[in-house]
Every structure is written in C-alpha cells, then in structure tokens.
1. Can you give the FRET efficiency for Trp249 and Ala53, using 1/(1 + (r/R0)^6), R0 = 35 Å, r = Cβ-Cβ distance, to the nearest 0.05?
2. Please turn the phi angles of the range 29-34 into ³J(HN,Hα) values with the Karplus equation 6.51 cos²θ - 1.76 cosθ + 1.60 (θ = phi - 60°), one per residue in order, whole Hz, x for glycine and proline.
3. Can you give me the accessible area per residue for the range 440-541, using a 1.4 Å probe, in Å²?
4. Between Lys541 and Arg279, 0.36 nm times their residue separation minus their Cα-Cα distance comes to what?
5. Summing Lys, Arg as +1 and Asp, Glu as -1, what charge do residues with Cβ under 14 Å from the Cβ of Asn145 carry, Asn145 excluded?
6. By per-residue mean of other Cβ atoms within 10 Å, what is the highest-first order of 196-204, 152-160?
7. With labels modelled as points extended 7 Å from the Cα through the Cβ direction, what inter-label distance (nm, one decimal) is found for Lys484 paired with Glu158?
8. Sort 389-398, 374-383, 341-350 by packing, meaning the average of other beta carbons within 10 Å per residue, with the highest value first.
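The values are calculated or read from the model by the stated rules, or taken from the named source; none is laboratory data. Computed from a prediction, not measured in an experiment: that's the story for all the values here. So basically every Cβ, Gly included, is an ideal-geometry build from the backbone, and we count neighbours across all protein chains shown. When the accessible area is computed, the model is the full protein with side chains, heavy atoms only, and any ligands, DNA or RNA have been set aside. Shrake-Rupley method; radii C 1.70, N 1.55, O 1.52, S 1.80 Å.
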Amino acid sequence: MFSWLGTDDRRKKEPEVFQTVSDGLKKLYKTKLLPLEESYKFHEFHSPSLEDADFDNKPMVLLVGQYSTGKTSFIRFNTETFNFTCSYLLEQDFPGMRIGPEPTTDSFIAVMHGDTEGVIPGNALVVDPKKPFRKLNAFGNAFLNRFVCAQLPNPVLESISVIDTPGILSGEKQRISRGYDFAAVLEWFAERVDRIILLFDAHKLDISDEFSEVIKALKNHEDKIRVVLNKADQIETQQLMRVYGALMWSLGKIVNTPEVIRVYIGSFWSHPLLIPDNRKLFEAEEQDLFKDIQSLPRNAALRKLNDLIKRARLAKVHAYIISSLKKDMPSVFGKENKKKELIASLGDIYKRIEREHQISPGDFPNLKKMQDQLQAQDLTKFQPLKPKLLEAVDDMLATDIASLMVLVRQEETQKPNAVVKGGAFDGTLHGPFGHGYGEGAGEGIDEAEWVVARDKPAYDEIFYTLSPVNGKVTGANVKKEMVKSKLPNTVLGKIWKLADIDKDGMLDDEEFALANHLIKVKLEGHELPSELPAHLVPPSKRKIPE
C-alpha cells in the first residue's frame with residue numbers, strides 16, 4: 001500500500017556483475033535484447049538471433065574480391081607460393097583449396113583450426129552448436145552445397161579463422177544465377193567477422209554490378225573493411241599511382257563514408273617481383289597489414305561489444321517502426337489500402353520517429369529494403385509499443401555496457417601478447433629479411449666496427465669549429481649546426497635525445513657524430529628508432545660486460 005514511497009532512483013538496478021566479457025555479452029543479449037527482438041520480429045527483417053558460439057568464436061577475417069585477385073592464395077602462403085589469401089597467411093595448403101586464373105573458388109570456405117586435417121560439408125556444419133554458422137541454414141541447400149569448413153592444425157588458426165569466398169563475377173558471368181542470395185550471405189558474415197579484406201587486382205579495377213552490390217551490402221561495417229591492391233609489382237611506379245587514384249575514385253562512388261578506407265599496396269605472393277622499384281613500399285605495406293590482422297585477438301571482445309551496441313540501437317529503432325505501423329492500422333475495414341499507404345509513407349514515419357525519440361538518421365534501416373520486406377507482412381499482427389522491453393535495452397546500454405567496458409580493458413591488460421602467431425606472422429620481423437633490416441637506423445647492425453665511424457672524420461671537422469670546451473660542445477652551439485638540416489624541431493629534439501647518451505646537455509665528438517648520422521638517416525627517408533639500437537651506441541659509451 002506504500003508503493004508510492006518507492007522512487008525510480010531507489011528502485012534503479014545496479015549494473016550486472018560478470019566474470020568475463022563473453023559471458024556478460026551472452027547474458028545481456030538473452031535477458032535484455034533478445035526479448036525485444038522476438039517481440040517485434042527483428043529476425044525476419046534484419047538478422048537471425050545470436051547464439052553462444054557467436055560470442056565465443058575466434059576472430060574471423062572475411063576475404064572478398066573478384067576471381068583471380070589472389071584471395072585463396074592469400075590464405076595459403078607457403079615458402080614457395082606466396083599467393084594472397086589463406087596460403088599467404090598460413091604458409092600451408094588447406095583442404096578444398098584451388099588456385100587458378102579462372103573462377104576456381106565457387107564455394108564459401110571457412111578455414112578453421114582442427115586437430116586433424118579434413119573438410120566438413122555445409123549441411124553438417126550448420127547443425128554443429130560449437131560453430132557460429134547455425135543460422136546460415138536459412139539460406140537453403142543451394143548455399144549449403146557451396147559451403148564447407150576446412151580444418152587443419154595450423155598455429156595461425158589457433159587465434160583467427162578465415163572465410164574464403166567465391167570470386168565475384170563480372171561481365172556476362174554475373175548474369176548467371178548462383179541459386180542463393182550472394183550479397184545477403186556476405187552481409188550475414190560481415191555482421192559477425194572482425195575484419196573484411198576487399199582484394200583488387202592492379203589490372204582489373206572495374207567494379208562489376210555484382211561487386212558494387214556486395215560492397216553496398218557491407219554498409220554499416222566500414223570500420224571493419226581494409227582494401228588490398230594486389231599484384232602491384234606488375235606495373236611501373238607512375239602507372240601504379242594512376243591505378244591507386246582510380247581505385248580510390250571508384251570506391252568513393254560506392255562506399256559512402258567521409259573516412260578514407262585504408263588501402264594496402266603490394267604483391268602478396270612468393271614469386272620474384274617483376275618490377276622491384278617499389279620493394280620497400282610493398283614491405284612496409286605488408287608489415288602494416290600483418291600488424292592490423294595480428295591485433296584482432298586482442299580487440300575481439302571490444303569488437304563484439306561494439307557490434308552488440310549497434311544491434312541494440314537498430315533493434316530499438318525497429319521496435320518504434322513496427323509499433324508505429326501497428327498503431328496506425330485500422331482494426332476492421334480498409335486494412336489493405338491502409339497498409340499500402342503506410343508503406344508508401346514510411347519515409348515520413350521515419351522522420352516522425354526521429355523527432356519524437358531523438359534518434360540519429362543513421363540508425364534507421366534502409367528505407368527501400370524495409371518497404372520491400374513489409375509487403376509480405378501482416379501489419380495487424382505487429383505488437384504495440386512495450387515500454388518495459390525498451391527500458392531493459394536502455395538500461396543495458398546505460399549501465400551494463402559501461403561495466404563491461406571496464407572488464408574489456410582488464411582482459412586486454414591481462415593479455416598484452418594476444419596476437420596472431422605462426423605462418424607468415426613468424427619470422428617477418430626478425431633476421432636479415434625483416435622489414436628495414438640493415439637499412440636506415442639498422443645499417444651496420446651486423447658489423448664489428450661502429451657504423452658512424454665511416455663518416456666521423458667529416459663530422460669531426462665540423463665539431464671542432466663549434467668551440468668545444470673540455471671535449472664537449474654546448475647545446476646552443478650544436479643547435480646552430482643541426483638546424484641547417486631543415487628538419488622540424490620535433491625531429492631534431494628526438495635526435496638530440498638519442499644522441500646525448502650521458503644526458504649532460506652537451507655532446508662530445510662521438511655523440512655529435514651520432515647526431516649527424518641520425519640526421520642523415522632521417523633525410524634519406526627512414527624512420528628514427530624510439531630507443532637507440534645497441535650497435536649505434538658510441539664505443540666509449542658501451543658497458544663492459546662483467
């Protein structure tokens with residue numbers, strides 16, 4: 001009888017307490033978001049419901065591109081065939097793999113870790129509760145007959161899984177029906193993967209109608225997309241610049257985003273470079289791509305959290321749309337005419353919901369697609385607005401997600417070395433064939449003599465014109481000489497910090513020579529090291545082993 005004494009603040013729930021991010025996401029989805037989705041038929045309009053395997057699975061990389069752009073080769077990568085898809089990453093062939101200039105991959109192949117090598121067909125794959133593919137059953141046998149899982153014991157696959165896709169068709173080939181909705185399947189994968197790699201051949205930049213449709217299907221996942229311009233060693237540098245510009249122009253017409261998509265340029269296979277002029281560029285791009293993929297396990301929990309938030313925002317908007325249509329439908333007469341009228345005016349309904357609930361226009365589903373889907377629905381069977389379901393989702397976004405964010409950071413701190421290992425990821429940064437080895441600041445790393453000594457006589461001549469006192473030159477005098485390089489003060493400051501070994505604010509002849517050597521390194525276009533490498537430390541400053 002005294003229920004009126006309870007205030008909203010007193011009855012406000014404390015955030016849920018979770019042991020792991022994965023468990024937290026599963027519980028929040030099942031208890032707070034799933035009821036809203038089921039009530040408003042979210043799964044019929046947008047995406048199937050999520051299962052435990054969707055939260056527990058390893059990070060996945062989706063490879064998309066026209067045929068013969070090197071997708072399957074990228075996965076394979078062994079020491080003799082450095083093609084750009086699974087073999088490139090795994091350094092190993094995988095079951096079901098075929099490589100050729102014609103459309104050889106006509107199936108979706110999920111390359112995953114397994115104790116023994118083998119292939120699981122699609123119909124068996126979608127009934128396995130431990131695999132995150134059960135909901136693909138909705139695409140029917142035409143798709144499942146073209147879907148397999150290749151399992152093999154490979155160290156790379158202990159951290160990530162790779163999805164190889166059929167080559168996108170162009171010209172007359174794209175008029176041949178695949179028997180299933182290819183773009184819809186890719187959209188399903190795009191929602192669940194951690195990285196989407198679009199591959200282009202430097203000789204085939206035309207974006208076919210099917211490719212354009214595929215890229216549009218990846219909308220709202222631009223943050224996951226990376227572009228690879230492959231086989232770039234087969235064209236001259238000047239032509240490569242034009243090809244790169246043409247690719248960016250073509251993508252800009254399709255990918256409607258203010259951010260520029262990251263494009264990696266290279267030749268991702270083991271054959272000798274046909275035109276080796278851009279070797280350094282290709283090596284740097286390769287290492288950047290490796291670092292991006294290697295970071296996926298460390299950022300996997302954050303990605304799943306981000307995807308759940310995006311899904312929750314869409315589910316809320318969907319609930320407002322469905323309940324609004326229900327509210328405007330007559331109870332007895334004129335249902336069909338009213339349905340046509342509501343569908344035709346769906347854009348106005350969007351604007352009304354946007355004003356009433358202060359929702360961003362970017363959170364609404366595609367208008368044309370939504371109108372097409374509503375044609376097959378009975379609007380009278382839609383549910384009215386249920387505030388409690390929406391409040392549960394709002395509570396999840398406002399309180400529970402914040403506590404999960406803290407847990408994400410804790411898990412990242414506990415696993416600082418959670419990166420992809422094995423295959424092409426091992427050995428690329430070490431030994432004489434690592435990127436930049438023996439160049440720039442790495443020059444002379446294997447030599448017994450101090451590399452700076454080669455040019456020290458010339459540096460000494462300058463040193464003794466700067467009025468050294470007790471064998472050292474003041475910072476003010478050194479500055480007058482260093483600024484002649486015309487490098488920015490921020491760069492010169494870093495060089496000073498590296499060269500002033502004993503941190504006394506002055507440089508002796510060896511430190512001065514080192515500073516000039518680092519200036520030379522920078523002027524030649526190389527990066528400066530964050531810490532001075534052991535081989536660059538002046539001989540008189542090196543510690544004598546005890």
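1. The formula returns an efficiency of 0.30 here.
2. Per residue, the Karplus-derived 3J(HN,Hα) values read 5, 5, 8, 10, 9, 4 Hz.
3. Details: 5460 Å² over 102 residues.
On a per-residue basis, 53 Å².
4. On the way: separation 262, 0.36 × 262 = 94.32 nm, distance 3.58 nm.
Length gained, Lys541 through Arg279: 90.7 nm.
5. Details: positive: Arg146, Arg178; negative: Asp106.
That works out to +1.
6. Numbers: 196-204: 21.4, 152-160: 19.7.
Ranking the peptides 196-204, 152-160 by packing returns 196-204, 152-160.
7. Distance between the two pseudo-spin positions: 5.6 nm.
8. Details: 389-398: 16.9, 374-383: 13.2, 341-350: 14.9.
Highest mean packing first, the order is 389-398, 341-350, 374-383.
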